[in-house]
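Reviewing the structure listed below.
The values are calculated or read from the model by the stated rules, or taken from the named source; none is laboratory data. Remember, predicted model here, so these are calculated numbers, not experimental data. Cβ sites come from the backbone with ideal geometry, for glycine too, and all protein chains shown count toward neighbours.
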Ligand code: HEC
């Protein structure tokens, strides 16, 4: 393989055979003008997300919330019928949340209620542990797109990537404390939290994160395009980060990029924190990460970034 012999290269995984399987399975969508239907049905993933029956928050939900929000969270509990004309209980299974489905927001709703509606404050009536379980339960009822705060057109964009362009929902999270190496000479070490801060400056507050590897031939072949992708994505208001996940040393990765005459900067997964946070058995993986580190959706294989432009245009 064509690798610029970095000193401490770890051969802990060689993703090439897996990638070949991925390619024949149809994840390869680069260069195709029309979107390629993914082999994995995204609607199936959403159905499979239904909350487990033995979830510790379920009983609390059934006894406190289901009379309005419905047994399955669809907003159709027996008391919802009597609320004609007034605000209807939210259908938790839709993307149409008025606020958003992150646990921090659900907690606020529980503590304060929604003034002027039948949604009362439950804060003081439910103990701390029960409350946390209940919040997690309501969270599992919601589709992943409902977790995107303050921005309904952004929800539609991400939903679009999943529905039409083969992306998969993810409920993984990049923890703010994860340490990363960086080929940016000024700061050879950064944390995920510093990277997330740059998202709050972007218009969409979302970043695309490309996990690539020096041992992944297809990743390396596509690296020269990353500079152009970065400028397109930044025009659309997204951040874009590269993370090398199979070589921890920033110096080695920089040497490698130099040997290929690639100008893009890359982070490195120096403590394996990224690998431990999400499944990266096939490379490349592109992740869409919000400002809190939630991985909203991801795409395995080389994705056609023109799809992102299309999804953005359509969401306007
Ligand atoms: C008496 C009926 C009723 C009960 C009981 C009730 N809710 Fe609600 N809930 C509502 C209504 C109505 C709304 C919509 C308010 C609005 O339109 O802003 C709502 C909204 C919410 C929202 C905000 C969703 C969004 O779109 O942002 C959350 C979260 C929520 N409820 C959680 C709960 C939980 C958890 C329980 C049980 C502890 C519960 N509710 C019990 C009627 C109820």
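General observations
- Qualifying residue in the stretch 110-118 (condition: in the same structural domain as residue 62 (by TED's automatic domain parsing), more than 28 Å from residue 154 (Cα to Cα), in a loop (DSSP other than H, G, I, E, B) and near the ligand (Cβ under 7 Å from one of its atoms)): yes
- Every listed requirement among (1) in contact with a helix residue (DSSP H, G or I) (Cβ under 9 Å, 6 or more places away or on another chain); (2) over 24 Å from residue 150 (Cα atoms) is met by residue 103 save one, (2).
- Test: residue 158 is within 10 Å of the ligand (Cβ to nearest atom), surrounded by 20 or more Cβ atoms within 10 Å (Cβ to Cβ) and not in a loop (DSSP other than H, G, I, E, B): no
- Every condition in (1) more than 10 Å from the ligand (Cβ to nearest atom); (2) free of Cβ contacts under 8 Å to residues at least 24 places away in the same chain; (3) not assigned by TED's automatic domain parsing to the domain that holds residue 211 is met by residue 136 except one, and the failing one is (2).
- Hits in the stretch 77-98 (condition: in contact with a helix residue (DSSP H, G or I) (Cβ under 7 Å, 6 or more places away or on another chain), assigned to a helix (DSSP H, G or I) and either near the ligand (Cβ under 8 Å from one of its atoms) or touching a residue at least 24 places away in the same chain (Cβ under 8 Å) (or both)): 79, 80
- Scanning the stretch 99-109 for residues that are within 9 Å of the ligand (Cβ to nearest atom) and either free of Cβ contacts under 8 Å to residues at least 12 places away in the same chain or surrounded by 15 or more Cβ atoms within 10 Å (Cβ to Cβ) (or both) yields 100, 101, 105, 106, 107, 108, 109.
- All positions within the stretch 276-303 that are closer than 13 Å to residue 192 by Cα and either at pLDDT 95 or above or part of a loop (DSSP other than H, G, I, E, B) (or both): 291, 292, 293
- Screening the stretch 44-69 for residues that are part of a loop (DSSP other than H, G, I, E, B), more than 10 Å from the ligand (Cβ to nearest atom) and at pLDDT 90 or above and picking the one that is farthest from residue 131 (Cα to Cα) gives 55.
- Hits in the stretch 173-206 - residues which are closer than 23 Å to residue 302 by Cα and surrounded by fewer than 17 Cβ atoms within 10 Å (Cβ to Cβ): 173
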